[in-house]
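Everything on this sheet refers to the single structure shown next.
Coordinate-derived values only; no laboratory data. As the structure is a prediction and not an experimental result, all values here were calculated from the model. Neighbour counts are summed over all protein chains in view; Cβ atoms, including those assigned to glycine, are modelled from backbone coordinates with ideal geometry.
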Ligand code: SAM
Ligand code: SF4
């Protein structure tokens, strides 16, 4: 099989973006993502090894995947993560390798990850208020996250983005302080509409703090915002520039402006399942192929 790509789906969408979930475990417990207690994690033997992830990633690169994001759970709780970063950053087709983290372990890990080749990082931070941070994450780790952001700035990560989940009735007071913090630090803040991803079923449509409402607050209280024409219309975030030139802000408006029509992603779960959507009801087992002696061509065929 010389040139098997590109990866076009039945709707004509081109998939060039791979999310690799390296663990389902996490060191904090955001209420909109995980229950506080008794979370059932995948047994360790079921988790793909770095060698298995690399093999899958190399096959995916032959199908035209160019963008890879490492995520979780919390990716930084996976031991020796820089080893995986090094493996993936050596794959020639990957032009864009990024990581999404809650930042609590970044102070210690930002440097080894940078040394391994990582440059792009998204850090999850919903609030600068210690009490609300504790309420959202059920942990008292705000200072560590802030130190992690500082470590990334010092090392020269670029871009650094902040992911702020916006929940109505809770995070309104955080919009302006986060935006100001981003402007001061030269970091883009991305507000993410609360999505029904929690296992506990806490999501309600009227708990979604809508991108348009945040935009109105920022334009009024920080600086007017001007939409940046989409360079990549398939990117999920709409990006705006402050009219005074001091930085950018993004919105992932999955609820009010769904972008399914332009979706360009596939996901590899920690236990080796290939999924086409966060909300997929079907998934394809690739771990059994990786562990069962399948050839690269068979893996490519399944993708
Ligand atoms: N633990 C890392 C973190 O928190 O960034 C990576 C995994 S986390 C599932 C990836 C991103 O999903 C987070 O940055 C957070 O912004 C977002 N997220 C989690 N639950 C969400 C929800 N219910 N609605 C919207 N975004 C959510
Ligand atoms: Fe952990 Fe990220 Fe989920 Fe928060 S959003 S509980 S940090 S995996």
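Odds and ends about this structure:
- Set 39, 77: member being more than 19 Å from the chain's Cα centre (by Cα), closer than 23 Å to residue 122 by Cβ and within 16 Å of ligand 2 (Cβ to nearest atom): 39
- Condition check for residue 289: within 17 Å of residue 60 (Cβ to Cβ), free of Cβ contacts under 8 Å to residues at least 60 places away in the same chain and outside any loop (DSSP other than H, G, I, E, B): yes
- Of all residues in the range 81-106 being away from ligand 1 (no atom under 16 Å from the Cβ) and assigned to a helix (DSSP H, G or I), the one that is surrounded by the most Cβ atoms within 10 Å (Cβ to Cβ): 88
- Of the strands (runs of 3 or more DSSP E) contained entirely in the range 174-242, not one carries at least 3 residues that are touching a helix residue (DSSP H, G or I) at 6+ places or on another chain (Cβ under 6 Å) and free of Cβ contacts under 8 Å to residues at least 40 places away in the same chain.
- In the range 247-262, the residues that are under 17 Å from residue 206 (Cβ atoms) form Cβ pairs under 7 Å with partners that are crowded, with 20+ Cβ neighbours inside 10 Å, at six or more places apart or across chains, as follows: 253/193; 253/211; 254/193; 255/193; 255/208; 256/193; 256/211.
- Hits in the range 108-123 - residues which are within 16 Å of ligand 2 (Cβ to nearest atom) and either farther than 19 Å from residue 25 by Cα or under 15 Å from the mean Cα position of the chain (by Cα) (or both): 121, 122, 123
- Qualifying residue in the range 45-64 (condition: part of a loop (DSSP other than H, G, I, E, B), under 17 Å from the mean Cα position of the chain (by Cα) and more than 16 Å from ligand 1 (Cβ to nearest atom)): no
- Residue pairs meeting the criteria (Cβ under 8 Å; at least 6 apart or on separate chains; first closer than 8 Å to residue 69 by Cβ, in the range 97-109; second within 11 Å of ligand 2 (Cβ to nearest atom) and in a helix (DSSP H, G or I)): 99/75; 100/75
- Annotation note: Cβ proximity below 9 Å between a residue of the range 26-45 that is farther than 21 Å from residue 103 by Cα and a residue that is assigned to a loop (DSSP other than H, G, I, E, B) and away from ligand 1 (no atom under 15 Å from the Cβ) (sequence gap 6+ or interchain) occurs for 42/271; 43/271.
- Hey, residue 126 buried (at least 17 other Cβ atoms within 10 Å of the Cβ), within 16 Å of ligand 2 (Cβ to nearest atom) and either over 28 Å from residue 68 (Cβ atoms) or under 17 Å from the mean Cα position of the chain (by Cα) (or both) or not: yes
- Within the range 155-173, the residues that satisfy the criterion of being surrounded by fewer than 21 Cβ atoms within 10 Å (Cβ to Cβ) and in a loop (DSSP other than H, G, I, E, B) are 156, 158, 159, 168, 169, 170.
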